[in-house]
1. Quick check on my filter: what residues within region 126-156 are over 14 Å from L35 (Cβ atoms), open to solvent by 60 Å² or more (accessible area, probe 1.4 Å) and not in a loop (DSSP other than H, G, I, E, B)?
2. For the list (1) modelled with pLDDT under 95; (2) among the polar types (S, T, N, Q); (3) within 11 Å of I34 (Cβ to Cβ), I need the number of the one condition that T123 fails.
3. If the requirement is being touching a residue at least 24 places away in the same chain (Cβ under 8 Å), among the small types (G, A, S), crowded, with 16+ Cβ neighbours inside 10 Å and part of a strand (DSSP E or B), which of these qualifies: A97, A61, A66?
4. Name the residues in region 107-156 that are touching a strand residue (DSSP E or B) at 6+ places or on another chain (Cβ under 8 Å) and among the basic types (K, R), would you?
5. Could you look through region 50-106, keep only residues that are under 15 Å from the mean Cα position of the chain (by Cα) and among the acidic types (D, E), and pick out the one that is nearest to L121 (Cα to Cα)?
6. Would you point out which residue out of A128, A102, A155 is at pLDDT 95 or above and closer than 12 Å to T31 by Cα?
7. For V84, all conditions in the list (1) touching a strand residue (DSSP E or B) at 6+ places or on another chain (Cβ under 8 Å); (2) open to solvent by 50 Å² or more (accessible area, probe 1.4 Å); (3) without any contact (Cβ under 8 Å) to a residue 60 or more places away in the chain hold save one; what is the number of the exception?
Amino acid sequence: MTRLTHLDEAGAARMVDVGDKQVTRREATATGRILMSAETAAAIRDGAVAKGDVLAVARVAGIMAAKRTSDLIPLCHPLPLTRVSLDLSLGNDHVEATATAATDGKTGVEMEALTAVSAALLTIYDMAKALDRGMRIEGIRLRAKSGGRSGDWHAD
């Protein structure tokens, strides 16, 4: 079994030392979705949600969250992100979020992409909850990563 990198020999949590790693171009993409009633999706599409433009606010929230990942996830390194993009696709009963984060650094940006998706979907929930408290966030996952010692990885 692979040794967990965030635990020391005694099993205590630790921040991984990336000092000896090479700087490489690193990128990660994550996705997730929020399921909702068709009426809620229509209200978002029509701009009829009382709190404002749900997708615009969610996009900004996701990008801002990616930039603050190390403040939210205790053992993450603060990273100089070179890019964060967040695409939101509105369907008849859901919104699909896809985030891509990139850096030139010594550690990956998987957590930044996952955090962007999570924050965007939570923001959609917050902005539309008066219309549909039964919305369900699901399927948040890493889709792909590139760069670093472990190389490229793509989900099935």
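1. Within region 126-156, D126, R141, R143, W153, H154 qualify.
2. T123 satisfies every listed condition except (1).
3. Checking each option against the conditions leaves just A97.
4. The answer is R136, R141, R143, K145.
5. Filtering region 50-106 for residues that are under 15 Å from the mean Cα position of the chain (by Cα) and among the acidic types (D, E), the one nearest to L121 (Cα to Cα) comes out as E96.
6. The conditions single out A155.
7. The one condition V84 does not meet is (2).
The values are calculated or read from the model by the stated rules, or taken from the named source; none is laboratory data. As the structure is a prediction and not an experimental result, all values here were calculated from the model. In this analysis, Cβ positions are derived from the backbone assuming ideal geometry, glycine residues included, and neighbour counts consider all displayed protein chains. Calculation scope for accessible area: heavy atoms of the full protein, side chains included, ligands and nucleic acids excluded. Shrake-Rupley method; radii C 1.70, N 1.55, O 1.52, S 1.80 Å.
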